Amino acid sequence: MSSTPESPPSLYVSREPIFPRRVSGKFRNLKWIIMIFTLGIYYVTPWIRWDRGPSMPDQAVLIDMANRRFFFFWIEIWPHEFYFIAGLLVMAGLGLFLFTSAAGRVWCGYACPQTVWTDLFILVERWVEGDRNARLRLHHQKKWDLRKARLRLTKWVAWFLIGLATGGAWVFYFTDAPALFHNLITGQAHPVAYTTMLVLTLTTFFFGGFAREQICIYACPWPRIQAAMMDEDTLTVAYREWRGEPRGKLKKGEIAEGQGDCIDCMACVNVCPVGIDIRNGQQLECITCALCIDACDDVMARIGKPRGLIDYMALTDEVNERAGMAIKPIWKHILRPRTILYTTLWSLVGIALVVALFIRQDIDMTVAPVRNPTFVSLSDGSIRNTYDVRIRNKHGEERSFRVIANGDPSFIVVLEGSDNAEVRVPADEMHIQRVYVTAPKGAAPAESERTDLRLWVEDVSNGDRVYKDTVFNGRTN
């Protein structure tokens, strides 16, 4: 919207599509490697098999919503063990803080799903429509002819197929992948599966194909948060203004008195996936993908100038270089109190999770006293309490469990439906057992209406035991 003398200038500028130019170099190669690695993990993981024995899922990574369990290779997480998931989320957050404090938005530039899928979509676009200049010409071509329609349709179909594969891979994490794949192509899958795939397909198609950098700039909160994680020693992509300015055109071998190394070729701008000019200083939009470093280094090599006009550096490096002093080695930027603190916290959480994983038992129990009535007085003067005991068998086979009350023979334990205080629980299931605990006459303290009681559940096959403390209500005379 244009401004008039009567109205203030508009604060909104219509988006100009960005068509990054192809570039090669060490950072671009690193991005290719990370993209292949992360996409490979995402698409392949649901198809990895893992033998857990009969009647158990053989998918290595499975979020089993129906049975409320999460399988990760040899690890099985139950709903009451959600603290493992919470711990992993805490580790992910601390890891993000650590990497941002050390090297800026490296997560955004290399491993963020939005970045990875956008890179993939741009790669497909380049294969179909050509490099930057060809795509610009096609974009500015107002008239739709057969060639433009063919190229656009081919690109959109490829994008849609990528989105479909993305949505399909996601739903495979929630049920057996081969079985679901067969049901999907035969039309027998649950409508929820088709709906989820459709939503993820369309969002991937839109975010990776059309929104692109707009998600990073406007939708993602991390650019606004990252400043709190960074300081003057954080490594980030920057332009050596004191070396590059004043700019001017320069050919190989030429010497221009008083002119900087920057020849204003715009290579750094043309390769930027968010369309910024890094020479204008640090900007919220910059995702520190370092493609501008590759582009600038290539130009510097061709005109016979030293590389590093655009480079990873810290604010302290700028001060030192302007003063003619030596800059810090990279390890001193990375190893400093803030990053050491984040690393220590991250390690402590990780160690705690590993310890908790190895010390957890293969049986678990909860005890819920039946409150109506709280106790029953029998004709012989004894008192009986009733409890609902939930026994969770985490073994891959059926086991027998014995219920014991306080280890005291004066308490008599009877299991509903059992003659020997034992119950069999199927593999990887939870069983609710009604338990009757009786205190003979004179066994419960006469001075109190409530007696501390400890119920034990013992694995008959190996003697493993767990317990829960509860109370015994009533007193005998």
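Read-outs throughout are calculated quantities, based only on the coordinates presented, and are distinct from any laboratory measurement. Since we're looking at a predicted model, the values are computed, not measured. Methodologically, a virtual Cβ is constructed for each residue, glycine included, from the backbone with ideal geometry; neighbour enumeration extends over all protein chains shown.
With +1 assigned to the C-beta of every Lys and Arg and -1 to the C-beta of every Asp and Glu, and no other charges, what is the dipole magnitude of region 363-473 about the Cα centre in debye, to the nearest 20? Mind dumping the intermediate values first?
Details: 14 positive and 18 negative charges, 46 e Å.
Magnitude of the dipole: close to 220 debye.
If r is the Cβ-Cβ distance from Cys265 to Arg15 and R0 is 35 Å, what FRET efficiency results, to the nearest 0.05? Mind dumping the intermediate values first?
On the way: r = 25 Å, r/R0 = 0.71.
So, using R0 = 35 Å, E works out to roughly 0.90.
What is the helix-to-structure angle for 291-302, meaning the angle in degrees between its Cα long axis and the longest Cα principal axis of the chain, kept from 0 to 90 and rounded to the nearest 10?
In the chain, helix 291-302 runs at an angle near 30 degrees to the longest axis.
Along the positive direction of the dipole of the chain (beta-carbon charges: Lys, Arg +1; Asp, Glu -1; about the Cα centre), which of Ile391, Ala102, Thr201 reaches farthest?
So the residue we want is Thr201.
Give, in whole angstrom and from largest to smallest, the semi-axes √(5λ) of the equivalent ellipsoid of region 130-190, with λ running over the eigenvalues of the Cα gyration tensor.
Working: eigenvalues 279, 31, 10 Å².
Gyration-tensor ellipsoid for region 130-190: 37, 12, 7 Å.
Relative to the longest principal axis of the C-alpha atoms of the chain, give the angle of the C-alpha long axis of helix 146-172, reported between 0 and 90° and rounded to the nearest 10°.
Value to nearest ten degrees: 20.
Please state the charge dipole magnitude for the chain, taken about the Cα centre, from unit charges on C-beta atoms (+1 on K and R, -1 on D and E), reported in debye and rounded to the nearest 20.
Numbers: 55 positive and 51 negative charges, 399 e Å.
Dipole about the Cα centre, nearest 20: 1920 debye.
In nm, to one decimal, how far is the Asp388 label point from the Asn280 one, both placed 7 Å along Cα→Cβ?
6.4 nm
Grab the Cα-Cα distance for Glu397 and Leu146, subtract it from 0.36 nm times how many residues apart they are, and report the gain in nm with one decimal. Walk me through the numbers on the way to the answer.
Numbers: separation 251, 0.36 × 251 = 90.36 nm, distance 6.46 nm.
Contour length minus Cα-Cα distance gives 83.9 nm.
Can you tell me which aspartates and glutamates have their Cα less than 19 Å from the Cα of Lys332? Leave out same-chain residues fewer than eight positions away.
Straight-line reach from Lys332, under 19 Å: Asp231, Glu232, Asp233, Asp311, Asp317, Glu318, Glu321.
What distance in nm separates the simple spin-label points at Cys220 and Phe206, each placed 7 Å from Cα in the Cβ direction?
1.9 nm
What shape does region 231-328 take by its C-alpha gyration tensor, where a ≥ b ≥ c are the square roots of the eigenvalues and a/c under 1.5 counts as rounded, a/b above b/c as prolate, and the rest as oblate? Don't jump to the answer; show the numbers that get you there.
Working: a/c = 1.97, a/b = 1.19, b/c = 1.66.
The shape class here is oblate.
FRET efficiency for Ser377 and Ala421, Cβ-Cβ distance as r, R0 = 25 Å, nearest 0.05?
Calculated value: 0.65.
Taking the structure as given and computing semi-axes √(5λ) of the Cα gyration tensor in Å, which label from [x] 34, 33, 19; [y] 38, 26, 24; [z] 64, 29, 20 fits?
Calculated semi-axes √(5λ) of the Cα gyration tensor in Å: the matching label is [z].
Determine the alpha carbon to alpha carbon distance for each of Lys31/Lys155; Lys249/Lys305; Lys394/Lys468 and list only those over 24 Å. Don't skip to the answer; put the middle values down first.
Values: Lys31/Lys155 22 Å; Lys249/Lys305 13 Å; Lys394/Lys468 17 Å.
As for pairs spanning more than 24 Å Cα to Cα, there are none.
With only Lys, Arg, Asp and Glu charged, each at its Cβ (+1 for the first two, -1 for the last two), find how big the charge dipole of region 231-328 is about the Cα centre; round to the nearest 20 debye. Present the calculation step by step, with values, prior to reporting the outcome.
Working: 12 positive and 18 negative charges, 99 e Å.
Dipole size: approximately 480 debye.
Using Cβ contacts closer than 10 Å as the measure, can you line up Leu30, Leu153 from fewest to most?
Working: Leu30 15, Leu153 11.
Neighbour counts put them in this order, fewest first: Leu153, Leu30.
To the nearest 0.05, what FRET efficiency results for Val319 and Arg132 with a Förster distance of 30 Å applied to their C-beta separation? Spell out each step's value before the answer.
Values: r = 36 Å, r/R0 = 1.20.
Efficiency, from the Cβ-Cβ distance: 0.25.
For the chain, with the dipole built from +1 on Lys and Arg beta-carbon atoms and -1 on Asp and Glu ones, taken about the Cα centre, which of Ile85, Pro191, Gln433 lies farthest toward the positive end?
Pro191
Can you sort Trp78, Trp32, Trp117 so the residue with the fewest Cβ neighbours within 10 Å comes first?
Working: Trp78 17, Trp32 13, Trp117 24.
With the fewest neighbours first, Trp78, Trp32, Trp117 line up as Trp32, Trp78, Trp117.
Once the dipole of the chain is set up with Lys and Arg at +1 and Asp and Glu at -1 on Cβ about the Cα centre, which of His333, Ile303, Asn372 lies farthest towards its positive end?
With unit charges placed on the Cβ atoms, the residue in question is Ile303.
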